[in-house]
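Here's the structure, in structure tokens; my notes come after.
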Amino acid sequence: GIWEGIPSPDGTVFAARSQAGWSIHPISGTAEGRPVPSLDQTHYLIRWSPDGKALYYFQRGSIPAAVDRVDIATGRHETIATIGENERAGLVSILSVSLGDDMRSLVYGGWNYTSVLYTVAPAKQPGK
């Protein structure tokens, strides 16, 4: 079955994630979905391009995480941004990414784990 879907900007198709990976399905339900070349179920879609010709995605668990664009007709990928490069201490995972309509503004949320390390010196003994 389909786990999730994102409608295209023109509303005629949607990108759907299933165990087999990502595919494009008509909203009308009149035809089978066609696979998105080289995207699998481990990729998380961020959004469609405004013209509906490409999808933007990232892969959870990768630090740093590349934000990539894939052309749905050709399968050609290009990295448009890398997130988490300068925040490696305590960053466990990138959980979500949002990309603005200008395709340049990007925000993300992650899971951080930090702790405190204490240094303890032995107590000095009187007279020594």
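Can you find a residue in the range 67-88 that is of a type outside the set (Gly, Ala, Ser) and touching a residue at least 40 places away in the same chain (Cβ under 8 Å)? Steps first, please.
If we filter the range 67-88 for residues that are of a type outside the set (Gly, Ala, Ser), which is where we start, we get 67-72, 74, 76-80, 82-83, 85-88.
Those left that are additionally touching a residue at least 40 places away in the same chain (Cβ under 8 Å): 72.
Scanning the range 67-88 turns up at least one residue that is of a type outside the set (Gly, Ala, Ser) and touching a residue at least 40 places away in the same chain (Cβ under 8 Å).
Looking only at the range 95-122, which residues are part of a loop (DSSP other than H, G, I, E, B) and either modelled with pLDDT of 90 or more or among the hydrophobic types (A, V, I, L, M, F, W, C) (or both)? If you could, list the steps in order and put the result at the bottom.
Keep residues of the range 95-122 that are part of a loop (DSSP other than H, G, I, E, B), which gives 100-105, 113-122.
Scanning the range 95-122 gives Gly100, Met103, Ser105, Val116, Leu117, Val120, Ala121.
Are any residues in the range 51-60 without any contact (Cβ under 8 Å) to a residue 40 or more places away in the chain and either over 23 Å from Met103 (Cβ atoms) or surrounded by fewer than 19 Cβ atoms within 10 Å (Cβ to Cβ) (or both), and if so, which ones?
Of everything in the range 51-60, those that are without any contact (Cβ under 8 Å) to a residue 40 or more places away in the chain and either over 23 Å from Met103 (Cβ atoms) or surrounded by fewer than 19 Cβ atoms within 10 Å (Cβ to Cβ) (or both) turn out to be Lys53, Gln59, Arg60.
Filter the range 73-89 for residues that are open to solvent by 70 Å² or more (accessible area, probe 1.4 Å) and hydroxyl-bearing (Ser, Thr, Tyr); which is farthest from Leu45 (Cα to Cα)? Walk me through how you get there before you give the answer.
Filtering the range 73-89 for residues open to solvent by 70 Å² or more (accessible area, probe 1.4 Å) gives 73-74, 76, 78-79, 85-89.
After this cut, where a residue has to be hydroxyl-bearing (Ser, Thr, Tyr) as well, the list is 74, 79.
Working: Thr74: 17, Thr79: 14 Å.
Once the filter is applied, the top-ranked residue is Thr74.
For Val92, are the conditions met, namely being of a type in the set (A, V, I, L, M) and either within 20 Å of Thr12 (Cα to Cα) or touching a helix residue (DSSP H, G or I) at 6+ places or on another chain (Cβ under 9 Å) (or both)?
Working: of a type in the set (A, V, I, L, M): yes; either within 20 Å of Thr12 (Cα to Cα) or touching a helix residue (DSSP H, G or I) at 6+ places or on another chain (Cβ under 9 Å) (or both): no.
The answer is no for Val92.
Hey, does the range 20-43 have a residue that's in contact with a Pro (Cβ under 8 Å, 6 or more places away or on another chain) and closer than 20 Å to Arg104 by Cα?
no
For the range 42-59, state whether one or more residues are in contact with a His (Cβ under 9 Å, 6 or more places away or on another chain) and either among the small types (Gly, Ala, Ser) or modelled with pLDDT under 90 (or both).
Scanning the range 42-59, I find at least one residue that is in contact with a His (Cβ under 9 Å, 6 or more places away or on another chain) and either among the small types (Gly, Ala, Ser) or modelled with pLDDT under 90 (or both), so the answer is yes.
Restricting attention to the range 1-50, which residues are open to solvent by 50 Å² or more (accessible area, probe 1.4 Å) and either touching a helix residue (DSSP H, G or I) at 6+ places or on another chain (Cβ under 6 Å) or among the small types (Gly, Ala, Ser) (or both)?
If the condition is that a residue be open to solvent by 50 Å² or more (accessible area, probe 1.4 Å) and either touching a helix residue (DSSP H, G or I) at 6+ places or on another chain (Cβ under 6 Å) or among the small types (Gly, Ala, Ser) (or both), then Gly1, Ala20, Ser28, Gly29, Ala31, Ser38 are the ones that fit.
Residues Val107, Val97, Val92, Val70: which one is under 13 Å from the mean Cα position of the chain (by Cα) and surrounded by fewer than 14 Cβ atoms within 10 Å (Cβ to Cβ)? Full working, then the answer.
Numbers: Val97 fails: surrounded by fewer than 14 Cβ atoms within 10 Å (Cβ to Cβ); Val92 fails: under 13 Å from the mean Cα position of the chain (by Cα); Val70 fails: surrounded by fewer than 14 Cβ atoms within 10 Å (Cβ to Cβ).
Of Val107, Val97, Val92, Val70, the one residue that is under 13 Å from the mean Cα position of the chain (by Cα) and surrounded by fewer than 14 Cβ atoms within 10 Å (Cβ to Cβ) is Val107.
The values are calculated or read from the model by the stated rules, or taken from the named source; none is laboratory data. Remember, it's a predicted structure, so these values are computed and weren't measured experimentally. Cβ sites come from the backbone with ideal geometry, for glycine too, and all protein chains shown count toward neighbours. All accessible areas refer to the heavy atoms of the entire protein, side chains included, with ligands and DNA or RNA removed. Shrake-Rupley method; radii C 1.70, N 1.55, O 1.52, S 1.80 Å.
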